[in-house]
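Only one structure is covered here, and it is reproduced in the block below.
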Amino acid sequence: MTTHTPAASRTADSPFVRACRGLPVPHTPVWFMRQAGRSLPEYRKLREGIPMLESCRRPDLITEITLQPVRRHGVDAAIFFSDIMVPIAAIGVDVDIVPGTGPVVAEPVREEADLARLRDLTPADVPYVTEAVGMLTEELGTTPLIGFAGAPFTVASYLVEGGPSRSYTRTKALMHGRPDVWNALCERLSAITLSFLKVQIEAGASAIQLFDSWAGALSVRDYRRFVAPHSARVLAGLAGYDIPKIHFGVGTGHLLEAIGEVGADVVGVDWRTPLDEAVGRVGDRSVQGNLDPAILFAPESVLAEEVARILGEGKAARGHVFNLGHGVMPDTDPDMLTRTAALVHELSS
């Protein structure tokens, strides 16, 4: 049975949802990964002295931070303000988001016995998510809200490494050396991720994005063997909801065919692969992307050229959602994001 939430029904005809579905649009929709926070002075002022995980548990803060870039930039979708480690913290794992470092896990998951700490997530664990999504959908009206979660591999990499990594040595060693433990870990994370996304959808999110931020560190063979089945399980678990599903990773040009097979409606493409090239590799899916975030630091004339080029390449796709090829960098001038959104609308109308 297909489930429609009232909020999803309200946003079904929005340019963002229509582009995700490959339907005609009045203009190419645009939003920016990490638009909620980071580069906005009003965000930094609001977050002063409040730790990241605490700010992700306060419905008033979640709502205001999520709305700030929609008001300022005129983007076509809001992205729920949270963190990929929120569901992990919600089930009792000792994790902290350390400023300037990222997620740090007090007791890494390395052995089979460590899996016992990863219990199932229930809606009662994240009441602030349900409350904030409800508040947001009322405020946003016909503007879609994108829910999100970290994909099993990326969350697993933080749990296994104990924090951010450049080489993913322990993660890859566990994958290859103890595939039974690796798969059991990812099965648990798939269930937690699926529950977290369902909470957001049932509260009113109009779409979801599954971030596999660090999947690009893997070979195609390892991705297909150790990662794709777990991401596919999450996306298959959402089949009963009539909303678009987006999947994104960084440095994944070599994985696009495999990512196209895991069950998303839209494949996010980073800036390294031209969209018209990506289209031939992701199957009959819409694409999202893919302005290099560094271009926001270049002169406005350069930005206009790049926006026009990407819009041209995106025409090859079934549908195109304009975005950056990764997240907004913290020292980005917010006015350049506002200008980018305006340029996308002007040039694609």
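The numbers here are math on the coordinates, done by the rules we state, and not lab data. Remember, it's a predicted structure, so these values are computed and weren't measured experimentally. Because the Cβ atoms are built from the backbone with ideal geometry, glycine has one as well, and the counts that use them run over all protein chains shown.
From the list VAL129, VAL133, VAL95, exactly one residue is over 30 Å from ASP13 (Cβ atoms) and either surrounded by 15 or more Cβ atoms within 10 Å (Cβ to Cβ) or among the aliphatic types (A, V, I, L, M) (or both). Which is it?
VAL95
Between a first residue in the range 202-231 that is at positive phi and a second residue that is part of a helix (DSSP H, G or I), which pairs have beta carbons less than 8 Å apart while being 6 or more apart in sequence or on different chains?
GLY204/PRO6; GLY204/ALA7; GLY204/ALA8; GLY204/VAL133; GLY204/GLY134; GLY204/LEU136; GLY204/THR137
When you go through ASP13, ASP76 one by one, which is the residue that is among the acidic types (Asp, Glu), crowded, with 17+ Cβ neighbours inside 10 Å and not in a helix (DSSP H, G or I)?
It is ASP76.
Would you call ALA124 within 17 Å of ALA184 (Cβ to Cβ), among the small types (Gly, Ala, Ser) and in a helix (DSSP H, G or I)?
In short, no.
What is the number of the single condition among (1) of a type outside the set (D, E, K, R); (2) closer than 27 Å to ARG72 by Cβ; (3) not in a helix (DSSP H, G or I) that ALA308 does not meet?
Answer for ALA308: the failing condition is (3).
Look at ALA317 and say whether it is aliphatic (A, V, I, L, M), buried (at least 23 other Cβ atoms within 10 Å of the Cβ) and either outside any helix (DSSP H, G or I) or at positive phi (or both).
So ALA317 fits the description; yes.
Looking only at the range 8-49, count every residue that is touching a Leu at 6+ places or on another chain (Cβ under 7 Å) and either among the acidic types (Asp, Glu) or farther than 17 Å from ALA341 by Cβ (or both) and tell me the total.
1
Quick check on my filter: what residues within the range 25-70 are free of Cβ contacts under 8 Å to residues at least 60 places away in the same chain and small (Gly, Ala, Ser)?
Correct list: ALA36, GLY37, GLY49, SER55.
For the range 165-178: of the residues being of a type outside the set (A, V, I, L, M) and surrounded by 14 or more Cβ atoms within 10 Å (Cβ to Cβ), which is farthest from ARG110 (Cα to Cα)?
The extreme case among them is SER165.
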